[in-house]
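The values are calculated or read from the model by the stated rules, or taken from the named source; none is laboratory data. All figures in this text were calculated on a predicted structure; none of them were measured in a lab. Glycine gets a Cβ as well: all are built from the backbone with ideal geometry, and neighbour counts include every protein chain shown. These accessible areas exclude ligands, DNA and RNA; they are computed on the full protein's heavy atoms, side chains included. Shrake-Rupley method; radii C 1.70, N 1.55, O 1.52, S 1.80 Å.
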Amino acid sequence: QVQLVESGGGLVQPGGSLRLSCAASGFIFSRYVMSWYRQAPGKERELVAAIGKFGTSTNYAEAVKGRFTISRDNAKTTVYLQMNSLGPEDTAVYYCNARWDDIYWGQGTQVTVSS
């Protein structure tokens, strides 16, 4: 069955970094646009970053441009989110998303930025 398993979240101090991973299985990974979304308490889920099927096309939310980098490894069927210069405003549950002819979601991983 389809699985998207996120990992790499945790507690980090302001200014720190984290790298999220999303391991995918059960579908043809290389055909799907992969994205990271986040949802902070009391807020709607928002798109953080997306990457095209071949990894050559990316787009980012304005709030994370220059700080976050999305990448993918089609051979490993994994998508990553490198997050640098984290601030309290980045605290949220981060979700992996796969989109093509179907849409799949992971279960989310908590990122907390606090001193």
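Computed values, structure above
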item	result
Ordering of 37-43, 27-33, 68-74 by packing [mean C-beta count within 10 Å, highest first]	68-74, 27-33, 37-43
Interchain or long-range residues, amide H under 5 Å from Phe68's placed H	Asn84
Relative contact order of the chain, defined on C-alpha pairs under 8 angstrom at six or more residues apart (%)	36
Å² per residue, accessible surface of the chain at 1.4 Å	53
Candidate lysines for bridging to Lys53, where Cα separation is under 19 Å - those fewer than 8 sequence places away on the same chain excluded	Lys76
Under-5 Å amide H pairs with Thr91, H placed in peptide plane, nonlocal only	Val113
Projected label distance in nm at Trp105 and Thr58, using a 7 Å step from Cα toward the beta-carbon	2.5
Surrounding net charge for Leu47, when Lys and Arg each add one and Asp and Glu each subtract one, Cβ distance under 12 Å	0
Segment 55-66 - phi-based ³J(HN,Hα) in whole Hz, Karplus 6.51/-1.76/1.60, Gly and Pro as x	x, 9, 10, 9, 8, 9, 5, 4, 5, 10, 4, x
Surface share of carbon and sulfur [accessible, 1.4 angstrom probe, percent] for the chain	48
